[in-house]
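A.B. asks: To start, I am sharing the structure in question, which I have written as structure tokens.
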Amino acid sequence: MSELNDPRVFFAAERTVLAWNRTSLALMAFGFVIERFGLFVQMLFPRPNSGGLHGELAFWIGLAFILLGSISSVIASLQYHRLVRTLKPIEIPEGYGVRSCVVVNLAVAALGVALIGYLFLGHNQ
């Protein structure tokens, strides 16, 4: 349990989880760019003897970044939830929704997984 009795502790935790949210979104965006750029390079400079190795490598690296972003979003939500449970009611402003950050982060993680599925299904066609 926190002994500070200061609502700034809660707001600091919320800022931290939102920073992790931005980080996870950036990782997912970077992974998507890598995946699409590999496809673009493969279309621009086709290599008949390479078997699409460079495009395949970019695809898997891109998916790994998107997955890393999704995982970081879930971990940030779990850590935030654990911290909020340790706070006293006086440290949380009255009527303030403490679960909105968790909901947003989990939605971002779910959308990241959906993006992986979309890219994977499109890649196999």
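All of the numbers you see were taken from the coordinates with simple rules; none came from a lab. Quick caveat: nothing in here was measured; it's all calculated off a predicted structure. Cβ sites come from the backbone with ideal geometry, for glycine too, and all protein chains shown count toward neighbours.
A.B. asks: How big is D for the range 57-103, in µm² s⁻¹ as a whole number, if Stokes-Einstein is applied with the Kirkwood radius of its Cα pairs at 4 °C and 1.567 mPa s? If you can, show how the numbers build up before the last one.
C.D. replies: Numbers: Rh = 12.7 Å.
Once the numbers are plugged in, D ends up at 102 µm²/s.
A.B. asks: What's the Cα-based Rg to Rh of the range 7-123, Rh via Kirkwood?
C.D. replies: Values: Rg = 18.8 Å, Rh = 15.8 Å.
Expressed as Rg/Rh, it is 1.19.
A.B. asks: In a Gaussian network model over the chain where Cα atoms closer than 10 Å are linked, find which of Leu111, Leu44, Leu83 has the largest mean-square fluctuation.
C.D. replies: Most flexible of the set in this elastic network: Leu44.
A.B. asks: Ranked by Cβ crowding within 10 angstrom, fewest neighbours first, how are Met28, Met43 ordered?
C.D. replies: Numbers: Met28 25, Met43 9.
Going from least to most buried by this count: Met43, Met28.
A.B. asks: Each label point is 7 Å from the Cα along the Cα-to-Cβ direction; what then is the distance between the points at Tyr96 and Arg36, in nm?
C.D. replies: Going by the 7 Å Cα→Cβ label model, 3.7 nm.
A.B. asks: Would you please give the FRET efficiency between Val113 and Ala19, computed as 1/(1 + (r/R0)^6) with r the Cβ-Cβ distance and R0 = 25 Å, to the nearest 0.05? Show your work: numbers first, answer last.
C.D. replies: Numbers: r = 22 Å, r/R0 = 0.86.
Efficiency computed from Cβ-Cβ geometry: 0.70.
A.B. asks: Highest mean first, how do 84-96, 60-72 rank when packing is the count of other Cβ atoms within 10 Å averaged over residues? Walk me through the intermediate numbers first.
C.D. replies: Details: 84-96: 12.5, 60-72: 19.7.
Taking the mean over residues of other Cβ atoms within 10 Å, the ranking is 60-72, 84-96.
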